[in-house]
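Trainee: Mind looking over this structure? Questions follow.
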Amino acid sequence: MNPVYHNMGGRTARALSGPGACQLADGRWQSGKLRLEPSGHLRIQPAEGESNVYQAGEVQGFTLKTDTFGVVRNVHTPSQRIGAAFAQKLYRYGQFTAYKFDPRYTGATETFLGMETANPSYAMDLVLQPATGDAVLVPTGRNAFTQTMLRLVGNCPELATQITKGKLGRQHMRQILQTYARWQQANPQSATN
């Protein structure tokens, strides 16, 4: 049975639901039917008993059929800072995990024509979550991307050169993180993340 994804491309988000399992902050697992609400809450309906509702800070991560979700911390969006939110895990190399972040599933609001509306309309984005510290929204603009990535991985000479010269961009994120993880392993005294 596949998870059901409703209206992923529109302004208004609908719940994501399907069978899955969730790891709580204390390490325990729960399984059943999961439902990620636009409010940012995760509802778990076990096979028997009452459903439980969790916020991002109460959960380490969850799987919804074949997709894995984790928690990103302190995401600074164009309009606000979100303390903790669920995001779809893409890949992990070294100290960084890359996520597809959809702010419509955070319970966040935005102001539109003077009225506060639920479910921000900005699109899903790429977020890097270091092992410690705040998540980083990866910019799409060249200059902002260069500045952000040099701050994160610029202590690796190879990456600093390629990013500065424009040879590596946002579309090369997997390669950037792989290279940085290898460099960190070879140079543990120089790695800062």
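The values are calculated or read from the model by the stated rules, or taken from the named source; none is laboratory data. None of the values given here were measured: they were computed from a predicted structure. As a convention, Cβ positions derive from the backbone with ideal geometry for all residues, glycine included, and neighbour counts pool all protein chains shown. Accessible surface is based on the protein model in full, side chains and every heavy atom, while ligands, DNA and RNA are left aside. Shrake-Rupley method; radii C 1.70, N 1.55, O 1.52, S 1.80 Å.
Trainee: State which residue is most open to solvent (accessible area, probe 1.4 Å) when the search covers only region 37-53 and only residues that are within 19 Å of Ala87 (Cβ to Cβ) and touching a Lys or Arg at 6+ places or on another chain (Cβ under 8 Å). Even if it seems obvious, please write down each step before you answer.
Mentor: As a first pass, look at region 37-53 and keep what is within 19 Å of Ala87 (Cβ to Cβ): 37-44, 53.
Still in the list and also touching a Lys or Arg at 6+ places or on another chain (Cβ under 8 Å): 37-38, 42-44, 53.
Details: Glu37: 41, Pro38: 26, Leu42: 0, Arg43: 95, Ile44: 0, Val53: 68 Å².
Filtering region 37-53 for residues that are within 19 Å of Ala87 (Cβ to Cβ) and touching a Lys or Arg at 6+ places or on another chain (Cβ under 8 Å), the one most open to solvent (accessible area, probe 1.4 Å) comes out as Arg43.
Trainee: What are the residues in region 148-184 that are farther than 23 Å from Leu90 by Cα, assigned to a helix (DSSP H, G or I) and touching a helix residue (DSSP H, G or I) at 6+ places or on another chain (Cβ under 8 Å), if any?
Mentor: Within region 148-184, Glu158, Ala160, Thr164 qualify.
Trainee: If the requirement is being modelled with pLDDT under 95 and open to solvent by less than 80 Å² (accessible area, probe 1.4 Å), which of these qualifies: Thr132, Thr161, Thr106?
Mentor: Details: Thr132 fails: open to solvent by less than 80 Å² (accessible area, probe 1.4 Å); Thr161 fails: modelled with pLDDT under 95.
The match here is Thr106.
Trainee: OK, next. Take the residues in region 25-36 that are open to solvent by less than 70 Å² (accessible area, probe 1.4 Å) and closer than 17 Å to Thr106 by Cα; name whichever of them is farthest from the chain's Cα centre (by Cα). Before you say what the answer is, go through the steps one by one.
Mentor: At the first step, the residues of region 25-36 found to be open to solvent by less than 70 Å² (accessible area, probe 1.4 Å) are 25, 27, 30, 32, 34, 36.
The next check asks that each one be closer than 17 Å to Thr106 by Cα; those that pass are 34, 36.
Values: Leu34: 18, Leu36: 14 Å.
Going through the qualifying residues, I end up with Leu34.
Trainee: Continuing with this model, one more query. Against the definition (open to solvent by 80 Å² or more (accessible area, probe 1.4 Å), over 16 Å from the mean Cα position of the chain (by Cα) and either at positive phi or in contact (Cβ under 8 Å) with a residue 60 or more places away in the chain (or both)), how does Lys65 come out, yes or no? Before you say what the answer is, go through the steps one by one.
Mentor: Numbers: open to solvent by 80 Å² or more (accessible area, probe 1.4 Å): yes; over 16 Å from the mean Cα position of the chain (by Cα): yes; either at positive phi or in contact (Cβ under 8 Å) with a residue 60 or more places away in the chain (or both): yes.
The answer is yes for Lys65.
Trainee: Working only within region 109-129, note down all residues that are of a type outside the set (A, V, I, L, M) and at pLDDT below 65. Give the derivation first.
Mentor: To start, the set of residues in region 109-129 that are of a type outside the set (A, V, I, L, M) comprises 109-112, 114, 116-117, 119-122, 125, 129.
Result: Thr109, Glu110, Thr111, Phe112, Gly114, Glu116, Thr117, Asn119, Pro120, Ser121, Tyr122.
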